[in-house]
Every structure is written in C-alpha cells, then in structure tokens.
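The values are calculated or read from the model by the stated rules, or taken from the named source; none is laboratory data. What you see is a predicted model; the values in this text were computed from it and never measured. Don't worry about glycine lacking a Cβ; one is built from the backbone with ideal geometry, like all the others, and counts go over all protein chains shown. We work out accessible area using only protein heavy atoms, side chains counted, and drop any ligands, DNA or RNA first. Shrake-Rupley method; radii C 1.70, N 1.55, O 1.52, S 1.80 Å.
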Number of protein chains: 2
Amino acid sequence: MKHREPGGAHELLFTQRVPTGDSVPRDVCDHCGFIHYDNPKIVVGSVVTHGEKFLMCRRAIEPRKGFWTLPAGFMEHGETTEEGARREAREEANADIRIRDLLAVYNIPRIAQVQLMYRAELASPEFSSGPESLEVALFDWEDIPWDQLAFPSVHWALRQFRSVMDQAVIAPFANPEGEFGNVLPPK
Amino acid sequence: MKHREPGGAHELLFTQRVPTGDSVPRDVCDHCGFIHYDNPKIVVGSVVTHGEKFLMCRRAIEPRKGFWTLPAGFMEHGETTEEGARREAREEANADIRIRDLLAVYNIPRIAQVQLMYRAELASPEFSSGPESLEVALFDWEDIPWDQLAFPSVHWALRQFRSVMDQAVIAPFANPEGEFGNVLPPK
C-alpha cells in the first residue's frame, strides 16, 4: 500500500466515490485519498510438453484440491509474464521450462481473471511435486485425466494446443465460442 | 473491497505478513483477514488503422498531457480484454473499432503493467475527441508525430505493427530486446 510507515501499520477508511478524472466509483480513503483500483488479475501459465507428453500437476491446495491442472498462477510484481510462467512451473513442478510462444489469452470475467497461457517445453526431463502439488506427471494425450481436470481453461488450453501442434506461428486463441469459464466442458 | 456493508464505510488495518499457503508478504487486515493482493495491472489498447492511416489521440490528462498516444487504458472489472480495448477507443476517440488480432504483450515491470495491444480498424470513419483527448487524428505513417509520442510502448506498437502489416497470422510481439519501457526510443 502507498502509505505504510516503516515498521508500522496504517488505517484506511474507504468510501465509494468517483475520483477526479475517473468515470466509475472507486474505494477512496477518507484520510489520505488512497484509491483502491480493483483491476482484473493476471494468471500466467503454460502447456508444457516433453516429446509427445504433457506435464500436469495434481493440486494440493484449494480450490479444486486433488484435480489435475497445468502449471499456472497469479503473476507477481517485478516479473514479466514469461518469467511468471517459468516461476510457476518451478514452484509447482520443480521444472525448468523453455517458453516458445503465446498459446492463448482467456478472459474469465466472473472472477476477474485474464489468463495468459504459453506453449513451452521441459528444458530438462527432471520434475517433481512442489508444495502446491500432490503429484506431477507426464501424460500421453489419450491418458490425460479428462474427468479430473481442475478448471475449464485447462481443457481449453490442452485442446487448443493439440489443434495447432504442427504450426510454427500461431495467433493466440481466446475462450472457445460462448465459454466464459463457468462450467467444465464435457469430456 | 470485500467487507463493505450496505451504504457504509469500513476500516481496514493493514500489516504485512505471509498469508497461509502463500510465499510472499502481503498487506493483511488485522481485523478481518482481508488480503490486499497488489498484482500487476492490465492495460488494453490497439493500433487502429483506416486504410493506410493510423488513429492517434493527443492526451488531455497527465501523465504526458499534450503528447500523442494510441487508444488504450486500464482494463475494468466485468469486461474482456477485447471489450476493454473497444471501450477505450470509444472513450478516448469516440471511435467504433473492429479488433483483428493480438499485436503484442508488453511488460513494464517498473510500473507493474502488462499491456495487451491489438490490431484493429475503424468500423466507420467517424471519430472525435473524448474527454481524455485534446484532439484525435488520422496520420499517414510518415506524418506520425514521432517526437511527441507519449510512451515507449506507443513507438513499439506502431513500428511492430508496420513490420507485419502484410501478414495475416502473427505471433504477438513482446518488448523490443532490452527495452523495459523506462525511456522513449530515439526517433
């Protein structure tokens, strides 16, 4: 926050009003004028392949604990989107990945997320479970646990990746037509 | 914020600590446990063409008031990235645009911004200054006011757009090599 004193806490008293030069109401602090812009959050992740296989992580944390996902998570301050995607692969799968290009930009307005998903490959064939994963594994396409995927965008990214596997240059995908991330697609 | 009562203000008392299951310190409210995740913000915008010409806006607001920019701004809740880019063209240039594809994903870590810039064209040849613009104009490439561009990423987007003008399918650009958005490129 903007007004932290060294070592100290601070109080913010928010009321909703339209800041000067803005067009929509924001939470503004009555004491100091601090404006809380609650903008959408960025998720960065990747479809990571090794030969013909796909790297997936079984979640050790909520939401969707026990279900399978791709290495992905919230982008942090001070990193780029690609650095964020590499960090997530390190944290969740102890994997070192090489990013190739941008596979997709997904919008999930309900939870105010923009997800940037990259095409990537394992830089070396080592991986293991990070603290947020119960297990990490490489799957052949037909062995992917489609019934136990954590999120709609995991489906989207895998299927879209597969549809352009032989294309060197791709325009990034968006959400599949009519999909907003609220329901898991059928197997 | 999460804990607003109907019509009322609320107080948050923040101290920095690492929330359960997290790995970095966050501002957490001592009273209610609200966590302020200060994640990077998303800017959405576009290079808008009409025939051979480029639509640009002269800024009526700080920062860089009086300088020329592309229609772009912070993404809001409840919209997709493409909807945001269209809204910004409407707000800043009273222009209705048709988005073609994603031109670039720029990272400006110093100010914690991720910028998604699209290729777009005017859906109809009408435009005028919105409240955030002093003037709005269509420029031939050689007449673009290179000395008076507002931000480094305006340079990047225009030049990268121009380099792929004849290509139907493109992989989005990133920042030019070694550029972090801290200085304006030479003309």
Yes or no: A:I144 hydrophobic (A, V, I, L, M, F, W, C) and closer than 22 Å to A:N39 by Cα? no
Here the residues within the stretch A:112-130 that are within 12 Å of A:A89 (Cα to Cα) and out of contact with any strand residue (DSSP E or B) (no Cβ under 9 Å at 6 or more places or on another chain) are A:E126
In the set B:A168, B:A89, the lone residue that is under 24 Å from A:A174 (Cα atoms), open to solvent by less than 20 Å² (accessible area, probe 1.4 Å) and hydrophobic (A, V, I, L, M, F, W, C) is B:A89
Apart from one, (1) touching a Leu at 6+ places or on another chain (Cβ under 9 Å); (2) in a helix (DSSP H, G or I); (3) more than 10 Å from every other protein chain (Cβ to nearest Cβ) all hold for B:K65; the odd one out is (2)
Here the qualifying pairs (Cβ atoms under 8 Å; residues six or more apart or on different chains; first in the stretch B:157-176 and at the interface with chain A (Cβ under 8 Å from one of its Cβ atoms); second loosely packed, with under 13 Cβ neighbours inside 10 Å) come out as B:V169/A:V169; B:I170/A:V169; B:A171/A:V169
Restricted to the stretch A:85-119 and to residues being of a type in the set (G, A, S) and within 14 Å of chain B (Cβ to nearest Cβ), the residue nearest to the chain's Cα centre (by Cα) is A:A85
Exactly one of B:P6, B:P25 is open to solvent by 70 Å² or more (accessible area, probe 1.4 Å) and at pLDDT 70 or above, and that residue is B:P25
Please determine whether any residue of the stretch A:41-60 is surrounded by 17 or more Cβ atoms within 10 Å (Cβ to Cβ) and at pLDDT below 95. yes
In the stretch B:114-145, residues that are open to solvent by 30 Å² or more (accessible area, probe 1.4 Å) and under 19 Å from B:F173 (Cβ atoms) total 2
Of (1) out of contact with any Leu (no Cβ under 8 Å at 6 or more places or on another chain); (2) open to solvent by less than 10 Å² (accessible area, probe 1.4 Å); (3) within 24 Å of B:A168 (Cα to Cα), B:A104 fails just (1)
